[in-house]
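Have a look at the structure below, then the notes.
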Amino acid sequence: EADIYQTPRYLVIGTGKKITLECSQTMGHDKMYWYQQDPGMELHLIHYSYGVNSTEKGDLSSESTVSRIRTEHFPLTLESARPSHTSQYLCASSESYNEQFFGPGTRLTVL
Amino acid sequence: EDQVTQSPEALRLQEGESSSLNCSYTVSGLRGLFWYRQDPGKGPEFLFTLYSAGEEKEKERLKATLTKKESFLHITAPKPEDSATYLCAVPPYSGAGSYQLTFGKGTKLSVIP
């Protein structure tokens with residue numbers, strides 16, 4: 001079944017740790033996105049990719065980085081996590097201007 | 001710049017009490033309008049795409065309609081499980097390589113038994 005997957009679903013880590021949030025999709029979409037969302041708040045685009053080896057920063061400044069080495073895989077990395085990074089991170093994918101499909105999200109808590 | 005405004009911000013309905021959510025948009029050209037449902041702590045779930053004025057889409061108790069300036073999400077005889085935040089979004093028209101959606105802030109719907 002075509003879908004978009006995120007792991008882990010929940011992550012609690014200490015300050016200064018390096019983390020990678022995984023996102024994979026089996027829908028064959030060329031465009032992928034990372035959003036950050038705090039509880040009850042709006043979605044903010046932090047990174048996007050229009051294809052392999054293509055990555056751009058979104059509207060919300062983020063200390064995270066992303067890579068796109070394979071079409072189906074779009075991981076997000078924080079080199080040194082801080083409490084201000086505590087949030088929910090949502091991955092999405094789309095085909096051209098069509099609707100974006102979202103993963104279940106990763107809830108990150110940095111102590 | 002594309003703009004999407006949703007109203008009301010929050011809506012409380014009694015079970016069975018039908019109502020409508022509004023999404024007004026200002027875009028240079030419409031490539032489509034998307035509706036999503038988001039439950040707390042989860043990613044948005046895609047509901048509908050509308051492409052042109054007059055178009056309607058239905059799914060269970062939900063019906064989405066589109067005019068040249070706004071879209072409505074009509075909820076008929078809602079049940080408590082319809083409680084969620086409903087988001088609308090539009091893609092850019094003149095892309096210049098951009099595929100970023102403009103989202104509204106959402107309407108938080110609560111259906112009381």
Exercise. Among A:Gly40, A:Gly58, A:Gly14, which one shows the biggest mean-square fluctuation in a GNM of chain A, springs joining Cα atoms closer than 10 Å?
Worked result: A:Gly40
Exercise. With the other protein chains left in place, how much accessible area per residue, in square angstrom, belongs to the stretch A:4-110 at a 1.4 angstrom probe?
Worked result: 45
For this session: Could you rank A:Phe102, B:Phe34, B:Phe46 by how accessible they are, 1.4 Å probe, largest area first?
Result: B:Phe46, A:Phe102, B:Phe34
Exercise. Just counting partner chain Cβ atoms within 10 Å, what average do the residues of peptide A:36-43 show around their Cβ?
Worked result: 3
Exercise. Normalised by the residues of chain B, what does the relative contact order come to in percent, with Cα pairs under 8 Å and at least six apart?
Worked result: 36
Exercise. Given the options B:Leu13, B:Leu73, B:Leu21, which has the most mean-square fluctuation in a GNM of chain B, springs set between C-alpha atoms less than 10 angstrom apart?
Worked result: B:Leu13
Problem set entry | Minimum 30 Å² accessible area buried by the other protein chains, the stretch A:92-111 residues, probe 1.4 Å, relative to alone | A:Tyr97, A:Glu99, A:Gln100, A:Phe102
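Give me the percent of the accessible area of the protein assembly as shown that comes from carbon and sulfur atoms, probe 1.4 Å, all protein chains in place.
49
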For this session: For peptide A:69-82, compute the average count of partner chain beta-carbon atoms within 10 Å of each residue's beta-carbon.
Result: 0
Seminar exercise, completed: Relative contact order as a percentage, the stretch A:4-110, C-alpha pairs under 8 Å and 6+ apart, gives 37
For this session: For the stretch A:4-110, count all C-alpha to C-alpha pairs, find those more than 17 Å apart, and express that count as a whole percent of the total.
Result: 48
Exercise. Which value, in Å², gives the accessible area per residue of chain B when a 1.4 Å probe is used on the protein heavy atoms?
Worked result: 50
Exercise. What total accessible area, in Å², is buried where chains A and B meet, using a 1.4 Å probe and rounding to the nearest 100?
Worked result: 1800
Seminar exercise, completed: The extension gain from A:Ala2 to A:Glu95, computed as 0.36 nm times the residue separation minus the Cα-Cα distance, is 32.2 nm
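Quick check for me: using +1 on Lys/Arg Cβ and -1 on Asp/Glu Cβ, what's the dipole size of the stretch A:4-110 about its Cα centre, in debye to the nearest 20?
Using only the charged Cβ atoms, the result is roughly 400 debye.
The values are calculated or read from the model by the stated rules, or taken from the named source; none is laboratory data. Because the structure is a prediction, the values reported are computed rather than measured. In this analysis, Cβ positions are derived from the backbone assuming ideal geometry, glycine residues included, and neighbour counts consider all displayed protein chains. Side chains included, ligands, DNA and RNA excluded: accessible areas come from the protein's heavy atoms. Shrake-Rupley method; radii C 1.70, N 1.55, O 1.52, S 1.80 Å.
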